[in-house]
Structures are given as structure tokens and as C-alpha cells.
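Q: Take this structure first; my questions come after.
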Amino acid sequence: MCVMSDKIFFITGIDTDIGKTFASLLLLLAFKQRGLKAGYMKPVETGVKINKDGDKNYLDGAYVKKYAGLNEEPHIITPYTFQSPLSPYAALKKEGGDLCIKEILYKFYDLNKIYDYMLVEGAGGMLVPLKQKHFMIDIAKYINAGVILVTKAGLGMINQTLLNIEYAKSRDITVSGIIINNVLNENDESLSSNKEMLGEFTDAPI
């Protein structure tokens, strides 16, 4: 069995646009308030346009850098970007170029040396393709990270959340925590009971 680090966390979600970046920021600020040094990395980001000066308009990494007060330059936080708003593998196939898993890991380990805790934010969900034969969750496996799973709040969240938890277990990856985020502004009846009911089926902190 692979032993997960209790200081390295991989932030993923049940879907894209579920609030992973905001959750990452809040976690970084929580570490900071406790006097702990926490770093952040988003290895791959798509939808990053090039401005007229030839500079990249980083999105999530730049947002977290700004509001968490990180020192690293955006290209260190996010080593791989694509302009197309697609999955990394789809963008890679469309635009060409390269996406080297080893390079991502090298950059992660460089950051990990200087921080007490590290947060690594994935793009989309666990099974978003990075490149042929590689998925987003593989990064969590390679760095021995525990998963922080961001899920929605309304109807259907229990099924979607438990599916993700079961898949992580099948890969021998620990789900270290679950964040329920009502990013979709759902207001159905299940909101009042979903957290309690989810807790009946998982030991992960919610």
C-alpha cells in the first residue's frame, strides 16, 4: 500500500467549474493564518490566451498567486498552458507542443522543498485526460498526495461524490477531505440533508 503524505494535497472536483481554485485559495489562507508555509501549483491550465505583447494571461494560477500572496511567478505555478478551452489532452492534440509529466513532477518537488504544505490543483475531475495513457489523478498518485474533493451541494451530489471516492480508493489514493460548494446556486430540497447523508457513506472529513 502506498503511504499518502499528510502535507501534500491534490485538489480535484466532481466536474469542471465546481470551485477548485476558490477552495485552493481558502485552504492556502487557512494555512497562512496558522503560521504555516503552504505552496500551490496548477500544473496544467487551458483557456490561457496570449495578449498582444505575447504574454500569457494566466487564469487560476494568477488568481491564487494574487490573493494568497505567493512569491512564485505564474510560469512556475503553472508550467503548462494551452489556449483552447478544452481538456489538456484535447488541447495538446489540437495545438501540438508537449506535456511532460516528469517536468511537472520536477517543478513540484522544487516547490515542495520550500513549503511545509503543498496544494496541487487539477484541471477538471480525476479522469480528465492529460495525454495518452495519463489522467489528472495520476499526478496525485505520483506525488503521494491525499485528495481534497470539491463537490456540488444539490441533488445528485451523493452519487457523484461517492463515485469519485470509490475511484480514488481503487487507485489506493486517500480522500483526505470533501468540500461541499454550492457554486451552482442550487436550492432543491436535498441541500438540507446531503451533507449528513454523505457522511453516512464515507469517513472522509466533510
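The values are calculated or read from the model by the stated rules, or taken from the named source; none is laboratory data. Given the structure is predicted, the values throughout are model-derived calculations rather than measurements. Cβ atoms come from the backbone with ideal geometry, glycine included; neighbour counts cover every protein chain shown.
Q: Looking at segment 88-98, which of the residues that are more than 20 Å from VAL64 (Cβ to Cβ) and at pLDDT 95 or above is nearest to the chain's Cα centre (by Cα)?
A: TYR89
Q: I've got another one for you. Kindly indicate the residue of segment 135-173 that is of a type in the set (Ser, Thr, Tyr) and surrounded by fewer than 19 Cβ atoms within 10 Å (Cβ to Cβ) and also nearest to PRO205 (Cα to Cα) among those meeting that condition.
A: If we take residues in segment 135-173 being of a type in the set (Ser, Thr, Tyr) and surrounded by fewer than 19 Cβ atoms within 10 Å (Cβ to Cβ), then TYR167 is nearest to PRO205 (Cα to Cα).
Q: For segment 46-84, which positions are in a loop (DSSP other than H, G, I, E, B) and closer than 23 Å to ILE139 by Cβ? Give the derivation first.
A: Going residue by residue through segment 46-84, those that are in a loop (DSSP other than H, G, I, E, B) are 47-49, 51-55, 57-59, 69-73, 78-79, 83-84.
Within segment 46-84, GLY47, VAL48, TYR58, LEU59, LEU70, ASN71, GLU72, GLU73, THR78, PRO79, GLN83, SER84 qualify.
Q: Identify the single condition in (1) free of Cβ contacts under 8 Å to residues at least 24 places away in the same chain; (2) part of a loop (DSSP other than H, G, I, E, B) that TYR115 does not satisfy, given that it satisfies every other one.
A: Unmet condition: (1).
Q: If you don't mind, there's one more thing I want to ask. Considering each residue of segment 109-153, count those that are modelled with pLDDT under 95, at positive phi and over 11 Å from the mean Cα position of the chain (by Cα), and give that number.
A: Total satisfying the criteria: 1.
Q: Within segment 22-69, how many residues are touching a Leu at 6+ places or on another chain (Cβ under 8 Å) and not charged (D, E, K, R)?
A: 15
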